[in-house]
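These notes are about the structure you will find just below.
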Amino acid sequence: MPEKVDILGVKFNNYSLKGYQNEIIRRLDDKLSTFIVTANPEIVMAANENPVFMKLINQDADFVTADGIGIIKAANILNKPISERVTGYDLFTWLLDIANQRKNKVYFIGAKEEVIDDLGKRIQKEYPNIEIVGLKNGYFKDKLDIIARDISKTKPDMVFAALGYPKQEQLLDILRKQELPAIMMGVGGSFDVFSGHAKRAPKVWQDLHIEWVYRFLKEPSRFRRFLALPRFIEEVYRSKRGRR
């Protein structure tokens with residue numbers, strides 16, 4: 001197993017997309033409870049402000065992926081390169097293919113009602129072999145342990161949560177501690193993109209690693225969230241100076 005890369009206290013696995021796929025297939029075959037955190041600079045900064053969240057990521061997650069070019073750049077600044085950016089959306093769509101091939105049970109939770117409804121319709125149309133055992137929007141009032149209990153009852157092979165951080169990770173952490181034998185991953189805004197309610201940046205923007213600029217231009221109201229990136233890079237340089 002490759003050595004983990006520490007970026008501002010968050011310990012990232014250093015796998016390529018293919019490496020993650022091989023590990024996930026192995027764990028799926030063995031029916032192992034698997035909790036995946038897809039961490040971008042925002043999540044790293046949030047973890048630095050919340051020790052409980054930091055502990056959850058580092059001690060409870062089975063895999064922490066570099067979801068964001070900012071993480072890759074930070075690793076390079078610290079002279080600890082991560083082999084590849086692995087986005088939550090890419091893992092999500094790949095896992096849907098796997099679930100369809102294996103006729104798996106999948107539980108989806110998060111986003112708005114119209115988003116989750118359209119997501120379900122697309123799954124039924126394009127992945128007919130997936131057994132949808134849950135389609136629940138993210139605007140519930142029940143406590144997370146009650147939601148976790150309801151999810152467990154469906155005996156899913158995969159669980160995808162689009163509740164935003166840290167809520168999605170907190171929910172999946174409950175299921176992981178209960179050793180639910182499923183692949184579980186927080187996917188942020190992936191439901192919005194997959195359902196057609198939001199657009200992912202064109203491939204040329206992705207290849208140039210400026211997806212975040214595209215998102216900002218589309219949603220300028222997210223300005224405060226985008227400020228996390230320069231603060232993150234500043235902290236990385238400060239961390240590097242502190243290590244000398």
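Hey, any hits in the stretch 54-69 for a residue that's open to solvent by 20 Å² or more (accessible area, probe 1.4 Å), small (G, A, S) and modelled with pLDDT under 95? Within the stretch 54-69, not a single residue is open to solvent by 20 Å² or more (accessible area, probe 1.4 Å), small (G, A, S) and modelled with pLDDT under 95. Among the residues of the stretch 127-138, those identified as part of a loop (DSSP other than H, G, I, E, B) and touching a helix residue (DSSP H, G or I) at 6+ places or on another chain (Cβ under 7 Å) are Y127, N129, I130, N137. Scanning the stretch 25-44 for residues that are assigned to a loop (DSSP other than H, G, I, E, B) and either among the aliphatic types (A, V, I, L, M) or under 17 Å from the mean Cα position of the chain (by Cα) (or both) gives L32, S33, N40.
Among the listed residues K112, K136, K103, which satisfies the condition of being modelled with pLDDT of 95 or more, charged (D, E, K, R) and surrounded by fewer than 15 Cβ atoms within 10 Å (Cβ to Cβ)? Matching residue, one of K112, K136, K103: K103. When V86 is tested against the conditions (1) among the aliphatic types (A, V, I, L, M); (2) assigned to a loop (DSSP other than H, G, I, E, B); (3) loosely packed, with under 15 Cβ neighbours inside 10 Å, the lone failure is (3).
Pick from the stretch 55-83 the residues that are hydrophobic (A, V, I, L, M, F, W, C), touching a strand residue (DSSP E or B) at 6+ places or on another chain (Cβ under 7 Å) and not in a loop (DSSP other than H, G, I, E, B): which of them is nearest to F12 (Cα to Cα)? Only one residue fits best here, namely V64. When the stretch 1-24 is filtered for residues that are outside any loop (DSSP other than H, G, I, E, B) and exposed (fewer than 13 other Cβ atoms within 10 Å of the Cβ), the ones remaining, listed by number, are K18, N22. Looking across the stretch 54-74, the residues that are under 23 Å from Y237 (Cβ atoms), in contact with a helix residue (DSSP H, G or I) (Cβ under 9 Å, 6 or more places away or on another chain) and hydrophobic (A, V, I, L, M, F, W, C) come down to M54, I57, V64, A66, I69, I71, A74. Scanning the stretch 158-184 for residues that are closer than 21 Å to R26 by Cβ, out of contact with any strand residue (DSSP E or B) (no Cβ under 7 Å at 6 or more places or on another chain) and aliphatic (A, V, I, L, M) yields a single hit, L180. Looking at K141, K155, K121, just one residue is surrounded by fewer than 22 Cβ atoms within 10 Å (Cβ to Cβ) and either in a helix (DSSP H, G or I) or among the small types (G, A, S) (or both), and that residue is K121. The residues of the stretch 70-83 that are open to solvent by less than 60 Å² (accessible area, probe 1.4 Å) and more than 25 Å from L172 (Cβ to Cβ), listed by number, are I77, L78. Can you confirm whether A99 is within 19 Å of the chain's Cα centre (by Cα), part of a helix (DSSP H, G or I) and more than 27 Å from L17 (Cα to Cα)? No; evaluated as a whole, the condition is false for this residue.
The values are calculated or read from the model by the stated rules, or taken from the named source; none is laboratory data. What you see is a predicted model, and the numbers here were worked out from it, not measured in a lab. Note that we place each Cβ from the backbone using ideal geometry, even for glycine, and neighbour counts take in every protein chain shown. Note: areas computed on protein heavy atoms with side chains; ligands, DNA, RNA excluded. Shrake-Rupley method; radii C 1.70, N 1.55, O 1.52, S 1.80 Å.
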